[in-house]
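Engineer: Take a look at the following structure, please.
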Amino acid sequence: MVTFEHVYFEKDKSLILKDINFFIKNKHTGVIGSNGSGKSSLLRLIKKIEKPSSGKLYTDHSYSLIFQNPDHQILCPTVKDELCFGQIEMGNPIDIINSKLNQLLSKYQVNYLLNKTTHELSEGEKQLVCILSALMDESDIILFDEPFSSLDLKNQKKFMKLILKLPQPIIMATHQLDLLEGFDEVIWLENGQIKSIGPADKTVNQYRKYVIGKK
């Protein structure tokens, strides 16, 4: 799905990612690491919001990126406008867009959102709208950057059930290590470099021991 070959990324004269080499191929991939380790930059490179300073990044898929703060990506005044925005921009016929929207809302049993304005949504509903927007746009892969840090534990678990059932592969950066249970693979970044890549339970345990040892 995504291949990094000797990727370096520099921004504002600061080297953020250094000699990144890996191939993401699994359905559910996690990205962990300390603050400033390069997790968000990695996702922004995959999404092509940023470009590598050197090295090669190969992918032929489309991506949606769900940010930590949904207010940073919700643009429209109503939920319907927000969900249809991408499809309208692509020039798709309105009747087809409306049919697709109704099918999506029915599938996830969230028809109640249709007549809401975006400013009245709860934090959980805002994140849900962002996910639904990605599904409306039929992105091949969905990226999540600390998506649930503002939600309580109950809603975190609720959203993880939804995410793990999505048809698309996902790549999720998070500090909330328990959310990675059941993931296929986890990438551990530290100081802009890959510290470890492997099965979720093994890599998360390595990271926990590392963090405890630093205290």
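Engineer: So, in the range 12-26, how many residues would count as being closer than 17 Å to Ile142 by Cα and modelled with pLDDT of 95 or more?
Structural biologist: Total satisfying the criteria: 0.
Engineer: Kindly list, by first and then second residue, each pair from a residue in the range 141-155 that is in contact (Cβ under 8 Å) with a residue 12 or more places away in the chain and over 11 Å from Asn69 (Cα atoms) to a residue that is of a type in the set (Phe, Trp, Tyr) and outside any helix (DSSP H, G or I), limited to pairs with Cβ atoms under 7 Å and residues at least 6 apart or on different chains.
Structural biologist: Pairs found: Ile141/Tyr63; Leu143/Tyr63.
Engineer: Quick check on Lys100: is it surrounded by 13 or more Cβ atoms within 10 Å (Cβ to Cβ), touching a helix residue (DSSP H, G or I) at 6+ places or on another chain (Cβ under 7 Å), among the basic types (Lys, Arg) and within 20 Å of Leu132 (Cα to Cα)?
Structural biologist: Criteria met by Lys100.
Engineer: Let me ask you something else. In contact with an Asp or Glu (Cβ under 9 Å, 6 or more places away or on another chain), touching a residue at least 40 places away in the same chain (Cβ under 8 Å) and hydrophobic (A, V, I, L, M, F, W, C): does that describe Met160?
Structural biologist: Against the criterion (in contact with an Asp or Glu (Cβ under 9 Å, 6 or more places away or on another chain), touching a residue at least 40 places away in the same chain (Cβ under 8 Å) and hydrophobic (A, V, I, L, M, F, W, C)), Met160 does not qualify.
Engineer: Looking at Arg208 and the list (1) of a type in the set (D, E, K, R); (2) modelled with pLDDT of 90 or more; (3) under 30 Å from Leu135 (Cβ atoms), which single condition is not satisfied?
Structural biologist: (3)
Engineer: Moving on. Residues that are modelled with pLDDT of 95 or more, crowded, with 21+ Cβ neighbours inside 10 Å, part of a helix (DSSP H, G or I) and among the β-branched types (Val, Ile, Thr): does the range 183-203 have at least one?
Structural biologist: Yes: one or more hits.
Engineer: Farther than 23 Å from Tyr63 by Cα, in a helix (DSSP H, G or I) and out of contact with any Lys or Arg (no Cβ under 7 Å at 6 or more places or on another chain) - does that describe any residue in the range 135-143?
Structural biologist: Within the range 135-143, none of the residues are farther than 23 Å from Tyr63 by Cα, in a helix (DSSP H, G or I) and out of contact with any Lys or Arg (no Cβ under 7 Å at 6 or more places or on another chain).
Engineer: Could you run through the range 118-132 and say how many residues are outside any loop (DSSP other than H, G, I, E, B) and within 24 Å of His175 (Cβ to Cβ)?
Structural biologist: 9
Engineer: Let me ask another. Looking at (1) in a helix (DSSP H, G or I); (2) surrounded by fewer than 19 Cβ atoms within 10 Å (Cβ to Cβ), find the lone condition where Leu151 falls short.
Structural biologist: Condition not satisfied by Leu151: (1).
Engineer: Here's something else I'd like to know. Do we find a residue being exposed (fewer than 13 other Cβ atoms within 10 Å of the Cβ), at pLDDT below 95 and within 15 Å of the chain's Cα centre (by Cα) anywhere in the range 166-180?
Structural biologist: Yes, the range 166-180 contains a residue that is exposed (fewer than 13 other Cβ atoms within 10 Å of the Cβ), at pLDDT below 95 and within 15 Å of the chain's Cα centre (by Cα).
The values are calculated or read from the model by the stated rules, or taken from the named source; none is laboratory data. Source: prediction; values computed, not measured. Glycine also receives a Cβ, built like all others from the backbone with ideal geometry; neighbour counts cover every protein chain displayed.
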